[in-house]
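Only one structure is covered here, and it is reproduced in the block below.
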Amino acid sequence: MGDLKETSKELKDLIQKMDDLPILPNIISKVMKIIDNPYSNADHLTELISMDQSLTVKTLKLANSAYYGFPREIVTVTEAVVVLGFLTVRNLILTSTLYNIFVNESQEEREFDRRKFWKHSVATAICARLLVSATAPGQKEEEEAFTLGILHDVGKVFMDTNYHSQFFEVMRESKKNKNEPAYAIERRILNTDHAEIGSMIIDKWNLPENFVEPIKFHHTPGLASDKYMTNVLHVADIISKFSAITYDASEINARLDREAMGTLKLQEENLRTVVQNLEYEMSNADLFLNS
Amino acid sequence: MDNKEEELLKRINSMESSLKEKMEYCRMLEEINSGLRKYLNEMTGVYRLLEAMNTVKSLEKIYDLLVDILGSTIELDACAIFLYDENGRDCRAVKEVDPEKLVKYKQIFNVDRAMYEWVFKKKHIAIVPKGTEGRDDPGLAFFQSKSFAIVPLFVNEKKVGYVDILINKPANTITQQELSLLTILLNQTTVVIENLRMYEQEKETVNKLRQIDEMKSDIMITTSHELRTPLTILKGSSKIIQIKMKEDMWNDDDKKLYAELIHNVNTQAEILEEITNTLLAATKFENGTLTLNKKVVNIKQMIESVIKKYTYKTKNVNLKFTYTDPNITAYVDDEEMKKVVRNILSNAFKYSEENGDVYIDLSADAKTFVVSVKDSGPGIPAEEKEKIFDKFYRMDRALTRRTGGMGFGLYLSKIITVQHGGTIWVESQVGRGATFYFRIPKEEGFGG
């Protein structure tokens, strides 16, 4: 493994080579393509998913989970699509696929706790959806926010897998030095951070272009041009971090970026609802956490 | 095979493949063309709706248009639009297309309350899945050539209603575009419907305000007009007294004149007092601060005391008082009850002919007593009977000019009766006099 403390350009070249990057299963990009075509129907999606038996089973398991709370059993992928919607099913597929890459495929015990990491990603996803629902509701936007939440720290997985010793140093440093944010330590040690790497992975995986900015700037939302989604992701990330410790809204509120909160037009009482709902939805999200 | 033949075969092959290629292009073009046509059709639907948003001012027309557009953009078989009332409680169908079929399929797809609750919670369109029961029933396959969609209608966070739609194609072939088109069309329509409803409500409010405004002007005009007569008499009478006092004339004629003038002053002051009291009572009644000072009252004695006060004014009318029982008592406000009797009596006197008869009668049953006053006046036309108890109402007849006085009396009587839990009404035929009745519960809690 090379030393990453080189110029940023070299780093990018490295990533372009894609050798170290986890490969996104072909099926995901096909799913993305189908979802992108407005004239696709449930049959098209079902045909694709049913080629992968385990994915079918996982998708249905998630569709029937308490999180979606549908009053009847959803028995086929077609039903999942027409009931929950195309974008929700896309998220189900993405979630179970990424779970495999992020959690299941990490062979040995590592310092970087993949389960904890996954729980944070799911919490951020749920929280991002709740934030959109509280500030600018719409199914499409809510599902997009969910996807971003699942993906936002993908760069960390890359670092852990490919630059393990440096990433370990970052974590050790971060534990000692509470005042310096982890992404700044990453920059110091690796000359890049997980947000930047994450955005490049999104690009490489051919995921929708509008995912790049929110992921790249989720720690520095002021730099983004797509302010709304970036702010959503930024706030969701922080809320889910603190909600691992507390669901007390006023305590969480005190730690949030005023500017991001202001742009989202989020009052403390909206925040209280979001935090309460997050607590409730996390209790229903077992299947997401162990899919 | 010689070279020529080989050449020819080559050419044929190449032509064939080129033809195949062209046919493939044609097929693709056809596909694009039909896609574009479909898209154009859908956009036309959206455009028509947007256009109607600015021009159509009738809810019915919007519902018709929506159904029309749905019919031309998705394969609509049946549908029903349900809207909640302003309180968000009652939900009723405002537009239906083939409702019987819809009900039938609702049963087949087993669309239950839980489905609707889920759709409202998720706030987006859902197509009802087949359900596990009878999944392998070949007979059911026929029904599944259709699909049943539920679309919740929201404006901002407010639940406005929902739409049941039966689509003439199986759920698995409905495209994303069709689903989002349905959502867009229905969302836009919901906004239009809400705006129109608000517009209607505003119109109603404006009308009410206008009525109140008109009533206020009426009150102003009537009050100032009615106050002027007693005030003029008061002013005139007191002026004469003033002049006479200066002249210091005290002969017998003057004494008679003084008596008359003082009587005028008294009477007019009483009228003024009555007007003011009625206005005050009406205001108290309307803002709910009118209170009664109840005690046990002998009704016969109460009526007699009113009559006594009136007799000196009633030279021209023969008043007869009858009762079934002299000991009828009731738990009422004595002073307020007297006002009712006085008002009805004075009304009877006003409208009775010279030397006419006025009958006052008291009767009772176990729970209530009834007082009736019959006059020999011109009577009241049927269409006026309800209105005469309204505030400031007075029949627009030449007679009123003769009798004067405001329409306050009957309105005040109604207020007092209602406040006692009783009722007041009139029976009359034009030309045959009128009989006013009021019925009051003898004890608290008994309706009249």
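Bear in mind that the values in this text are calculations on the coordinates, not laboratory data. None of these values were measured; they are calculated from a predicted model. Glycine also receives a Cβ, built like all others from the backbone with ideal geometry; neighbour counts cover every protein chain displayed.
About the Cα centre of the protein assembly as shown, how large is the charge dipole given +1 on each Lys and Arg Cβ and -1 on each Asp and Glu Cβ? Please answer in debye to the nearest 20.
2720 debye
Using modelled backbone amide H atoms (1.01 Å from N, in-plane), which distant-in-sequence or interchain residues come within less than 5 Å of B:V358's amide H?
Residues meeting the criterion, in which the H sits 1.01 Å from N, are B:N318, B:L319, B:K320.
In what order do B:D254, B:D213 fall by count of nearby beta-carbon atoms within 10 Å, going from fewest to most?
B:D213, B:D254
Can you give the average number of partner chain beta-carbon atoms within 10 Å of each beta-carbon in peptide A:67-73, as a whole number?
Mean partner shielding for this stretch: 5.
Using a Gaussian network model on chain B with a 10 Å cutoff between Cα atoms, which of B:R342, B:R27, B:R37 fluctuates the most?
B:R27
What is the set of long-range amide H partners of A:S40 at a cut-off below 5 Å, with H atoms built 1.01 Å from backbone N?
Hits under the 5 Å cutoff: B:Q176, B:Q177.
Could you check the spin-label model distance between B:E273 and A:N177? Points 7 Å from the Cα along Cα→Cβ, value in nm.
A separation of 9.6 nm, rounded to one decimal place.
Which of the listed residues, B:Y437, A:S199, B:Y359, is farthest toward the dipole's positive end in the protein assembly as shown, when Lys, Arg count +1 and Asp, Glu count -1 at the beta-carbon?
B:Y359
Each residue of the stretch B:284-296 in order: what ³J(HN,Hα) in whole Hz does its phi give by Karplus 6.51 cos²θ - 1.76 cosθ + 1.60, θ = phi - 60°, with x for Gly and Pro?
After applying 6.51 cos²θ - 1.76 cosθ + 1.60, I find 4, 4, 5, 9, x, 10, 6, 10, 9, 10, 8, 7, 6 Hz.
Can you sort A:T124, B:T223, A:T97, A:T78 by how many other beta carbons sit within 10 Å, fewest first?
B:T223, A:T97, A:T78, A:T124
Once fully extended, how much extra length lies between B:N3 and B:K235, figured as 0.36 nm per residue of separation less the alpha-carbon to alpha-carbon distance?
Working it through step by step, the gained length comes to 69.7 nm.
Give, as ranges by residue number, the residues of the stretch B:273-293 whose backbone N falls under 15 Å from the point 7 Å along Cα→Cβ of B:S305.
The answer is B:293, whose backbone nitrogens lie closer than 15 Å to the label point.
Pick out, from B:F148, B:F120, B:L59, the residue whose Cα sits farthest towards the positive end of the charge dipole of the stretch B:36-194, with +1 on the Cβ of Lys and Arg and -1 on the Cβ of Asp and Glu.
Value computed over the given set: B:F120.
Pop the C-beta distance of B:S14 and B:Y47 into the FRET formula with R0 = 56 Å and round what comes out to the nearest 0.05.
Taking R0 as 56 Å, the efficiency between B:S14 and B:Y47 is 0.75.
Per residue of the stretch A:161-169, in order, report the coupling 6.51 cos²θ - 1.76 cosθ + 1.60 (Karplus, θ = phi - 60°) as ³J(HN,Hα) in whole Hz, putting x for Gly and Pro.
6, 9, 10, 4, 5, 5, 5, 4, 4
Looking only at B:E31, B:E214, B:E117, which one moves most when chain B is put into a Gaussian network model with springs between Cα atoms under 10 Å?
B:E31
With unit charges on the beta carbon (Lys/Arg positive, Asp/Glu negative), name the residue among B:I241, B:L279, B:N347 whose Cα is farthest towards the positive pole of the charge dipole of chain B.
B:I241
Can you pick out the pairs among B:K284/B:K309; B:K294/B:K339; B:K255/B:K309; B:K203/B:K284 whose Cα atoms lie more than 19 Å from each other?
Long pairs (Cα-Cα over 19 Å): B:K284/B:K309; B:K255/B:K309; B:K203/B:K284.
Rounded to the nearest 500, what is chain A's calculated 222 nm mean residue ellipticity when only DSSP H runs of at least 4 contribute -39500 (n - 2.57) each, over all residues?
Taking each H run of at least 4 residues, the total per residue is -20000 deg cm²/dmol.
Show the residues, 5+ positions off or on another chain, whose built amide H is closer than 5 Å to the amide H of B:V94.
Correct list: B:I81, B:F82, B:L83.
Once phi is turned into ³J(HN,Hα) by the Karplus curve 6.51 cos²θ - 1.76 cosθ + 1.60 with θ = phi - 60°, what whole-Hz value does each residue of the stretch A:208-214 show in order, with x for glycine and proline?
Those phi angles translate into x, 4, 6, 7, 4, 4, x Hz.
Count, for each residue of A:133-139, the Cβ atoms from other chains sitting within 10 Å of its Cβ, then give me the mean as a whole number.
Mean partner shielding for this stretch: 3.
May I ask you to list the residues of the stretch A:167-199 whose amide nitrogen lies under 20 Å from a point 7 Å from Cα along the Cα→beta-carbon direction of A:R255?
It comes to A:171-186, A:194-195, nothing else.
When B:C79, B:C91, B:C26, A:C127 are ordered from fewest to most other Cβ atoms inside 10 Å of their Cβ, what list results?
Going from least to most buried by this count: B:C26, B:C91, B:C79, A:C127.
Quick check: the distance between the Cα centres of the stretch B:87-102 and the stretch A:110-182, to the nearest angstrom?
47 Å
Between the stretch B:324-339 and the stretch B:260-312, how many Å separate their Cα centres?
With the stretch B:324-339 and the stretch B:260-312 each reduced to a Cα centre, they are spaced 15 Å.
In nm, what is the difference between 0.36 nm times the number of residues separating B:N327 and B:M215 and their Cα-Cα distance?
36.0 nm
Per 0.36 nm of contour for each residue apart, how much would the distance between A:A136 and A:E169 grow if the chain were fully extended, relative to their Cα-Cα spacing?
Using 0.36 nm per residue and subtracting the Cα-Cα distance, I get 7.9 nm.
Shielding of A:30-41 by partners, i.e. mean partner chain Cβ atoms within 10 Å per residue?
The mean count of partner-chain Cβ atoms within 10 Å per residue comes to 3.
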